[in-house]
1. Which ranges mark the helices (runs of 4 or more DSSP H) fully within segment 38-118 that have 2 or more residues being open to solvent by less than 20 Å² (accessible area, probe 1.4 Å) and under 21 Å from Val5 (Cα atoms)?
2. Could you please let me know if Asn20 is surrounded by fewer than 17 Cβ atoms within 10 Å (Cβ to Cβ) and within 13 Å of ligand 1 (Cβ to nearest atom)?
3. Can you go through Thr215, Thr193 and tell me which one is assigned to a loop (DSSP other than H, G, I, E, B) and away from ligand 2 (no atom under 16 Å from the Cβ)?
4. Of all residues being more than 10 Å from ligand 2 (Cβ to nearest atom) and outside any helix (DSSP H, G or I) in segment 119-142, which is surrounded by the fewest Cβ atoms within 10 Å (Cβ to Cβ)? Just the residue, please.
5. Any residue in segment 273-290 that is hydroxyl-bearing (Ser, Thr, Tyr), at pLDDT 95 or above and in contact with a Leu (Cβ under 6 Å, 6 or more places away or on another chain)?
6. Quick one: in segment 168-187, of everything that is touching a residue at least 24 places away in the same chain (Cβ under 8 Å) and over 21 Å from Trp28 (Cβ atoms), which residue is most open to solvent (accessible area, probe 1.4 Å)?
7. Scan segment 230-239 and give yes if some residue there is in contact with a Pro (Cβ under 6 Å, 6 or more places away or on another chain) and more than 14 Å from Lys272 (Cα to Cα), otherwise no.
8. For segment 65-89, what are the residues that are out of contact with any Pro (no Cβ under 9 Å at 6 or more places or on another chain) and closer than 24 Å to Val280 by Cβ?
Amino acid sequence: MDKKVILSGVQSTGRLTLGNYLGAINNWVEMQEKYDCYYMIANSHSLTVRNNPEELRNNTLKILALYIAAGLDPEKNTIFIQSQVKEHAELAWILNCYTYMGELSRMTQFKDKSLKHQDNINAGLFTYPVLMAADILLYKANLVPVGEDQKQHLEITRDIAERFNKLYGDTFVIPEAYVRKETARIMGLQDPTSKMSKSATNLNDVIFLDDSEETIIKKIKKAVTDSENVVRFAPETKPGVSNLMQIYSAITNKGFEEIEKDFEGKGYGDFKMAVAEVVVGKLKPIQEKYNELLENRDYLVKVYTEGKMKAEKIAIKTINEVKEKIGIL
Ligand code: ATP
Ligand code: LTN
């Protein structure tokens with residue numbers, strides 16, 4: 001039987017966070033053994049906010065290096081840069097004509113980002129989910145591993161695909177979001193009621209994957225908790241500690257009950273140090289590999305060039321099928 005197809009990506013805006021790692025990339029690493037995986041750097045999506053061109057270019061390579069450093073094997077997966085496979089833009093245009101303004105206006109990410117960037121509410125920000133649908137549908141992906149915040153984009157992708165299939169016959173595979181419950185939403189360290197986000201203004205809210213050991217320890221020590229001083233999982237009433245437990249659990253694979261038992265009678269000080277230790281332990285080897293890879297630009301170019309060629313083969317096949325069906329010469 002053919003392997004199931006996986007596709008996912010991360011935008012190349014800003015520095016990656018522990019939320020991106022635990023919510024997305026870390027799960028991809030496990031999937032590479034079982035599935036036919038496509039992992040892209042969503043640099044075209046990054047254009048929906050203003051970037052410095054040099055930074056955008058560098059960031060694209062940095063994310064590629066991070067994918068590999070985190071354990072994605074370029075031999076086992078197709079790792080590529082979105083903008084290099086032109087069919088993404090081409091299919092996005094076509095799908096735009098099968099997507100309604102009404103459904104796009106309901107997207108919470110659009111609403112959130114419009115509030116954040118009131119001076120630049122561009123059409124790309126509005127049609128962002130359509131490009132994402134094109135990314136997924138081009139490869140006929142079955143599963144899309146993402147964090148919780150992307151679930152709505154997967155729903156609209158399914159709607160667009162179903163609509164197209166109904167009009168033209170079976171063309172696209174209807175994809176499913178793969179959201180791991182335990183790491184679906186890593187919260188901010190200072191505001192544990194909203195997600196840890198790379199665009200946060202308070203830097204203490206976020207652990208960046210390239211933060212130094214000292215910075216990570218400092219940020220976790222400062223994390224907002226509560227006055228009970230008991231390590232117990234209760235996201236509603238104790239969001240801060242529960243979030244730290246989630247991070248700890250994701251890295252150590254220990255369940256919440258086990259963690260509660262391990263830290264019985266110990267206070268938040270001890271627990272925070274333990275969390276910091278496992279986070280540093282997990283990130284340090286990744287950071288070392290990442291720094292090495294960034295020194296080896298030729299290798300990175302080789303990886304993305306090969307990835308582009310592999311991805312293109314599939315993408316061209318799908319776009320031709322689509323054009324044939326809709327009557328575009
Ligand atoms: P921003 O917060 O600025 O919108 P982002 O951090 O969500 O950006 P993306 O490139 O949009 O970055 O997301 C990449 C992947 O990381 C997505 O699958 C997303 O769901 C996941 N992700 C991002 N933040 C978190 C988080 N705090 N917890 C779990 N998953 C997350
Ligand atoms: N919108 C996604 C990034 C992204 C993506 C995709 C994820 C772009 N294209 C296709 C999965 C599949 C985000 O995480 N913000």
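1. The qualifying helices (runs of 4 or more DSSP H) are 53-69, 87-96.
2. For Asn20, the condition - surrounded by fewer than 17 Cβ atoms within 10 Å (Cβ to Cβ) and within 13 Å of ligand 1 (Cβ to nearest atom) - is not met.
3. Exactly one residue qualifies, and that residue is Thr193.
4. Within segment 119-142, the match that is surrounded by the fewest Cβ atoms within 10 Å (Cβ to Cβ) is Asp119.
5. yes
6. Tyr168
7. Taking every residue of segment 230-239 in turn, at least one turns out to be in contact with a Pro (Cβ under 6 Å, 6 or more places away or on another chain) and more than 14 Å from Lys272 (Cα to Cα).
8. Ala65, Leu66, Ala70, Gly71, Leu72
The values are calculated or read from the model by the stated rules, or taken from the named source; none is laboratory data. The structure displayed is predicted, hence computed values, not measured ones. Backbone-built Cβ (ideal geometry, glycine too); neighbour counts: all protein chains shown. Just the protein is used for accessible areas: all its heavy atoms, side chains included, with ligands, DNA and RNA removed. Shrake-Rupley method; radii C 1.70, N 1.55, O 1.52, S 1.80 Å.
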